[in-house]
Amino acid sequence: MSNEARLKSIVIVGGGTAGWMAAAALARTLEYPVSIQLIESEDIGTVGVGEATVPHLRAFNDTLRIDEVEFVRAVRGTFKLGIQFVDWGSIGSRYIHGFGTLGHDYRGLPFHQFWLRLHALGRARELGEYSLNTAAAPRGRFMSGATDVPAGSPLSRVAYAYHFDAGLYAQYLRRYAEARGVKRVEGEIVDVALRAADGFIESVTLKSGARISGELFIDCSGFRGLLIESALESGYEDWTHWLPCDRAVAVASEKTSAATPYTRSTARTAGWQWRIPLQHRTGNGYVYSSPCLGDDEAAATLLGNLDGRALGEPRFLRFTTGRRRQAWKRNCVALGLASGFLEPLESTSIYLIQSGIARLIQLLPDRNMSPALQGRYNAEAEFEMERIRDFLILHYHATERCDSEFWKYCGTMSIPEPLADVIRLFRDSGRFYRNAEEMFALTSWVQVLIGQHILPAGFHPLVDAVPEAELIQLGDSVHGVIAACVAAMPEHEQFVARCCQAPAAA
Ligand SMILES: Cc1cc2nc3c(=O)[nH]c(=O)nc-3n(C[C@H](O)[C@H](O)[C@H](O)COP(=O)(O)OP(=O)(O)OC[C@H]3O[C@@H](n4cnc5c(N)ncnc54)[C@H](O)[C@@H]3O)c2cc1C
């Protein structure tokens, strides 16, 4: 890239999680003089939800050289080992999709293959008992990892994510970004000017009349997609027929018990309810399908299923699951809700912001906005979202529930062919192939497939070659190691209190 064409000004529109994550990461990474401005409107505000994450966020924090203890204190965070799914496969059933590993590979095959044979022999414990995360989470145990254990011990590398207060997270990143030169502009954008010659965004105009121009615009304006859609008409691929929830009602509640080291997702008549424990409160919300459930009924269900007093009035949100057809168009890249939304079932939105930022930095353009870079960005974004979409659809589709119109629809709807293929292959003999760099790995898919009651008809033929005694010994030894590790872990609440308790609220 010649110095002449190098980007000199970047304008980020929106100051929610996406905007401030982008600002912080670009300010940290672009080690040459470049002006980064972020425009946000306090009157419009942010979506105000998005409090559960996946372990990848730790890599983002590492890139930014964020100190974990300072971070968790600042965002009043807790730790997350996975998600507990209640009443999803059938009413009364529950399982945990945990991060991290499931047993360990043996004779070149993944552990679940041996579990399948143990299960067929009636000698298997529940699948969750063979993974540190899924065994520790329901027992309320957590530690971020130990250094004084053998290298192979599961405690040497615990896979975890965070729950945090979304408002505090944006504030934290704002302080970080502003300290590194990002200029924040308060105001509502009322006009977007396109260059006559090529349709590139030239500038945005604020209500105050101020005009802000830039070379690269990052649209983090939320669902409205102020630049990518209203100005550039990128188009939206609607996935409501596969992910039918289109509304949410959210409310925080008083903390009444020790914070669990996991998110809970409870399936309800027309969707599901989340429970996210923070240090100072619990976040709750009911994600539902509006053709199947009215807003009043959804709010009543949510309020009737809190484990503490509601803190304020429930807030309603509307969305359309799907993706922006071109997340990068001309000189505009959309991140966060402006680029699409897959619904929060597996807490993937903040991850998608992170991966969009990483991709943008990898494919950083100059002022000419090379179509080759754009093409690669959009192809990867599409692939990533489609694979996550299919993983989410699996939760809805693979169910025995038929107690409402919603679940009848989900159980019988047609699904994307790549997902149908995953299910066919797994049903046959428990095989699974991870597709290139897709986000969720084998362990995640296997836990959810089995958790949703898809039990394979057979297993890998090589497992048959293992003598029964060796097989049982394998299961016992994995379980023994996991049980010993869980016993050595402190209570999650104690861990937080000792290591990263937030100061009392002012
Ligand atoms: C119900 C629900 C639950 C969710 N739960 C999770 C979860 O658990 N985990 C997870 O990873 N994600 C979750 N998400 C997604 C997550 O909330 C978002 O990915 C994240 O908050 C990023 O939002 P954003 O920054 O893209 O948009 P927003 O927070 O909406 O921010 C948009 C910004 O643009 C500004 N803006 C808009 N228009 C203008 C204008 N005209 N002029 C100036 N500024 C403007 C606004 O002021 C605001 O600052 C959830 C989403 C929903 C709807």
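The values are calculated or read from the model by the stated rules, or taken from the named source; none is laboratory data. Please read these numbers as outputs of a predicted model, since none were measured by experiment. Positions of Cβ are backbone-derived with ideal geometry, glycine not excepted, and every protein chain shown enters the neighbour counts. Heads up: the accessible areas ignore ligands, DNA and RNA and are worked out on the full protein's heavy atoms, side chains in. Shrake-Rupley method; radii C 1.70, N 1.55, O 1.52, S 1.80 Å.
As a summary of the residue check, G89 satisfies the conditions (1) open to solvent by less than 30 Å² (accessible area, probe 1.4 Å); (2) away from the ligand (no atom under 16 Å from the Cβ); (3) on the phi > 0 side of the Ramachandran plot except for the one numbered (3).
If you filter region 29-56 down to residues that are more than 30 Å from P277 (Cβ to Cβ) and either without any contact (Cβ under 8 Å) to a residue 24 or more places away in the chain or more than 16 Å from the ligand (Cβ to nearest atom) (or both), you find that the one that is most open to solvent (accessible area, probe 1.4 Å) is E31. All told, A59 meets the bar of being over 22 Å from P365 (Cα atoms) and surrounded by fewer than 20 Cβ atoms within 10 Å (Cβ to Cβ).
Quick one: which strands (runs of 3 or more DSSP E) lie wholly within region 303-388 and hold at least 3 residues that are in contact with a strand residue (DSSP E or B) (Cβ under 8 Å, 6 or more places away or on another chain) and not basic (K, R)?
Because the criterion is at least 3 residues that are in contact with a strand residue (DSSP E or B) (Cβ under 8 Å, 6 or more places away or on another chain) and not basic (K, R), the strands (runs of 3 or more DSSP E) in region 303-388 that meet it are 310-318, 332-334.
Annotation note: of G103, G89, G122, the sole residue that is free of Cβ contacts under 8 Å to residues at least 12 places away in the same chain, out of contact with any Leu (no Cβ under 7 Å at 6 or more places or on another chain) and not aliphatic (A, V, I, L, M) is G122.
Within region 355-374, identify whether any single residue is open to solvent by less than 20 Å² (accessible area, probe 1.4 Å), closer than 17 Å to E237 by Cβ and within 16 Å of the ligand (Cβ to nearest atom), and answer yes or no. Looking through region 355-374, at least one residue is open to solvent by less than 20 Å² (accessible area, probe 1.4 Å), closer than 17 Å to E237 by Cβ and within 16 Å of the ligand (Cβ to nearest atom). Being within 10 Å of the ligand (Cβ to nearest atom), more than 30 Å from D198 (Cα to Cα), among the polar types (S, T, N, Q) and out of contact with any Cys (no Cβ under 8 Å at 6 or more places or on another chain) holds for only one residue in S339, S349, and it is S349.
Okay, residues lined up against (1) in contact with a Gly (Cβ under 9 Å, 6 or more places away or on another chain); (2) farther than 30 Å from I91 by Cα; (3) outside any helix (DSSP H, G or I):
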position	(1), (2), (3)
W445	no, no, no
V448	no, no, no
P456	yes, no, yes
G475	yes, no, no
G480	no, yes, no
A487	no, yes, no
R498	no, yes, no
A504	no, yes, yes
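Please state which one of I96, I66 is open to solvent by 10 Å² or more (accessible area, probe 1.4 Å), touching a Phe, Trp or Tyr at 6+ places or on another chain (Cβ under 7 Å), of a type in the set (V, I, T) and in contact (Cβ under 8 Å) with a residue 60 or more places away in the chain.
None of the other options fit; the residue is I96.
Residues in region 11-33 that are part of a loop (DSSP other than H, G, I, E, B) and modelled with pLDDT of 95 or more were compared, and the one that is nearest to the chain's Cα centre (by Cα) is G16. Being surrounded by 21 or more Cβ atoms within 10 Å (Cβ to Cβ), under 26 Å from the mean Cα position of the chain (by Cα) and not in a loop (DSSP other than H, G, I, E, B) holds for only one residue in Y172, Y162, and it is Y162.
For A136, indicate whether it is outside any loop (DSSP other than H, G, I, E, B) and either more than 16 Å from the ligand (Cβ to nearest atom) or of a type in the set (A, V, I, L, M) (or both). Against the criterion (outside any loop (DSSP other than H, G, I, E, B) and either more than 16 Å from the ligand (Cβ to nearest atom) or of a type in the set (A, V, I, L, M) (or both)), A136 qualifies. Do the conditions hold for D148, that is, is it within 15 Å of the ligand (Cβ to nearest atom), exposed (fewer than 13 other Cβ atoms within 10 Å of the Cβ) and of a type outside the set (S, T, Y)? Considered against the rule, which asks whether it is within 15 Å of the ligand (Cβ to nearest atom), exposed (fewer than 13 other Cβ atoms within 10 Å of the Cβ) and of a type outside the set (S, T, Y), D148 comes out as no. For beta carbons closer than 6 Å, sequence separation of 6+ or different chains, a first residue in region 234-263 that is more than 30 Å from R325 (Cβ to Cβ) and a second that is outside any loop (DSSP other than H, G, I, E, B) and of a type in the set (V, I, T), the qualifying pairs are S253/T282; K255/T282; A259/T78; T263/I83; T263/I276.
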